[in-house]
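Working notes, beginning with the structure itself.
None of the figures in this text is laboratory data; all of them are computed from the coordinates on show. All figures in this text were calculated on a predicted structure; none of them were measured in a lab. Cβ placement follows ideal geometry from the backbone for every residue including glycine, while neighbour counts extend to all protein chains displayed.
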Amino acid sequence: MERREFTKDVLLASLALAVPTFHMGQKKDEHNSAWLKIVMHETSPQFDYFSIDSLGKNKLTENVILHDEEWTKKKHSIKKAGKKFSYFNSASPQNSIAVWDVTLNKKSFTISGNYQPHYQQSFLFNVEQHANHATLLGMIEDNDNRIKLPAILHLPDMGTLRVTCNTAGVKVSCTAQRFIEHPFVRLEFPAADEKHQKIIYNFEVVSIHPAVNGIENDSRYDCFRKNFISIFQLSPFLKKQYKRLQKRATKGIKKLRFRKISEFLF
């Protein structure tokens, strides 16, 4: 009888210990839906965890964020009200407004900047390329490494975000490096300024692919729906190389045409 009670006590103790261990992976103030899983950084305007599933099938186990220690040197305080997270500049007066507000929804989120004099820190979206080869697709003007909004932020095998802004002509700084220990794609969304004292970036989960009847409920087409635009990769820093290659290719085609014509004529 004593042996049975001892075994029972051991089993109950094991279960009690197992319960908190199951929840250890969960983070404070985690936002979850079937499309998005987001955790905000506690001291600086950036994500601590970000994952997307544009098909809404809750495949959100991959965190794509590469934490930037330099970004955290300028400290902020953060306040939460429902699904809204507000970052306050620690150097500003106590009653000042938030410099950044992030509002999270089921299939979208907004990042809003509020103007404060002498505050210019962008909101950082820094992707670890070992986790995902993300790309921001949009218009690049000559001699610029910034991408003009609206644009498409695509994360292959995960999902796509349509990125828009309430202010026309806003450009997002886009830099990337591959052959280093922690390769990255770094997006910096500019803070509000004196001219644009309220700037709102809207991010909407979308799935971009040709319309094909009957594929929405057929899992065989999930890869097609998520990855149709994965063929497109854009790097502002490589724009000059692209132009050189284009010129070489054009010259090569002209030479080839001339040779064929010459062979035909002579």
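What Kirkwood radius, in Å to one decimal, follows from the Cα pairs of region 37-107? The partial results should precede the final answer.
Details: mean 1/r = 0.0744 Å⁻¹.
It is 13.4 Å.
Ranked highest first by the average count of other Cβ atoms within 10 Å around their residues, in what order do 81-89, 155-163 fall? It would help to have the intermediate numbers written out before the result.
On the way: 81-89: 17.0, 155-163: 20.6.
So the peptides 81-89, 155-163, ranked by packing, come out 155-163, 81-89.
Once fully extended, how much extra length lies between SER96 and ASN227, figured as 0.36 nm per residue of separation less the alpha-carbon to alpha-carbon distance? Before the final figure, lay out the partial values.
Details: separation 131, 0.36 × 131 = 47.16 nm, distance 4.36 nm.
Full-extension gain reported as 42.8 nm.
Determine by what factor the alpha-carbon radius of gyration of region 32-254 differs from 2.2 N^0.38 Å, reporting the quotient.
Numbers: Rg = 18.7 Å, N = 223, 2.2 N^0.38 = 17.2 Å.
Dividing the Cα radius of gyration by 2.2 N^0.38 Å gives 1.09.
Once you list every other residue whose beta carbon is under 13 Å from the beta carbon of LEU161, what net charge do they have if Lys and Arg are +1 and Asp and Glu are -1?
Working: positive: LYS107, ARG162, LYS226; negative: ASP53, GLU204.
Spelling it out: positives minus negatives among the neighbours equals +1.
What list of ³J(HN,Hα) couplings, whole Hz, do you get for region 199-212 from phi and the Karplus terms 6.51, -1.76, 1.60, once you set θ to phi - 60° and write x for glycine and proline?
10, 10, 9, 9, 10, 10, 5, 9, 10, 9, 6, x, 6, 10
Under a plain spin-label model, where a point goes 7 Å from the Cα along Cα-to-Cβ, how far apart in nm are GLU70 and LYS57?
So the two model labels end up 3.9 nm from each other.
Could you compute how fast region 107-210 diffuses translationally, taking Rh as the Kirkwood radius over C-alpha pairs and applying Stokes-Einstein at 25 °C with viscosity 0.890 mPa s? Give it in µm² per second.
The calculation lands on 168 µm²/s.
Name the residues whose placed amide hydrogens come within less than 5 Å of the amide hydrogen of CYS165, ignoring near sequence neighbours (fewer than 5 apart) on the same chain.
Here the answer is ASN202, since their amide H atoms fall under 5 Å of that of CYS165.
Please compute the Cα-Cα pair-distance distribution of region 154-230 with 5 Å bins starting at 0, giving whole percents from short to long.
3, 12, 16, 16, 15, 13, 12, 8, 3, 1, 0
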